[in-house]
Amino acid sequence: MNHPGEVEGIAVGVDADGENIPAVVVAARSELLPIVVTADQARAIQLAITGEAFERPLTHDLLVEMLTEFGGAIDKVRIDDVADGTFYAKIDAERYEDGEPNRFVFDARPSDAIALAVRVDCPIEVSDVVLDAAGQPPERFDFGGGPDAEGTGPPDDVDDIDDFGEFGDEG
């Protein structure tokens, strides 16, 4: 079964070596799902969440523009599997030809799927399989994060958590 998901924001965790690791946090089924992403992916998602424009189109913005120009639309994204600590996602899209929908499903990294979803404001779904394996109780998160003293830290609405466990976006 899939559950509606909502991006709560970008969080920063600490890995075994004490290094900061960013993650996009998705709320679903009364749990939080942290998905480890790169700093660039975190920034791309954060810009879309806040509606800030980058001086030039980012890859996700370009893809949405091209898809729209060719008559397509993203219907929803699904974070639907996890294996060996790696999440998997699908992008459900459609394009109309002669008034009839042609539906497409694309495999994607969850970070890319989420970056697209926040840009086009489409539904995000998370499967029971993923939440059972990697869902976290909300109490594990501290939503009072902020930038560090030098101003080089995460954005103001970045959250903190001690660690994200063994799950990441890529294998």
Neighbours by Cβ (under 6 Å, 6+ apart or cross-chain): first from segment 1-21, over 16 Å from ILE114 (Cα atoms) and touching a residue at least 24 places away in the same chain (Cβ under 8 Å); second assigned to a loop (DSSP other than H, G, I, E, B) and of a type outside the set (Phe, Trp, Tyr): VAL12/PRO154; VAL12/VAL158; GLY13/ILE161; GLY13/ASP163; VAL14/ASP163; ILE21/ASP15
Top-ranked residue of segment 1-28 - restricted to ones that are surrounded by fewer than 17 Cβ atoms within 10 Å (Cβ to Cβ) and of a type in the set (Gly, Ala, Ser), ranked as modelled with the lowest pLDDT: ALA16
Residues located in segment 105-143, provided they are aliphatic (A, V, I, L, M), within 15 Å of ILE74 (Cβ to Cβ) and crowded, with 20+ Cβ neighbours inside 10 Å: ALA113, ILE114, ALA115, LEU116, ALA117, VAL118, ILE124
Members of segment 49-64 that are out of contact with any strand residue (DSSP E or B) (no Cβ under 9 Å at 6 or more places or on another chain) and either modelled with pLDDT of 95 or more or buried (at least 16 other Cβ atoms within 10 Å of the Cβ) (or both): LEU58, HIS60, ASP61, LEU63
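The values are calculated or read from the model by the stated rules, or taken from the named source; none is laboratory data. Quick caveat: nothing in here was measured; it's all calculated off a predicted structure. Cβ: placed from backbone, ideal geometry, glycine included. Neighbour counts: every protein chain shown.
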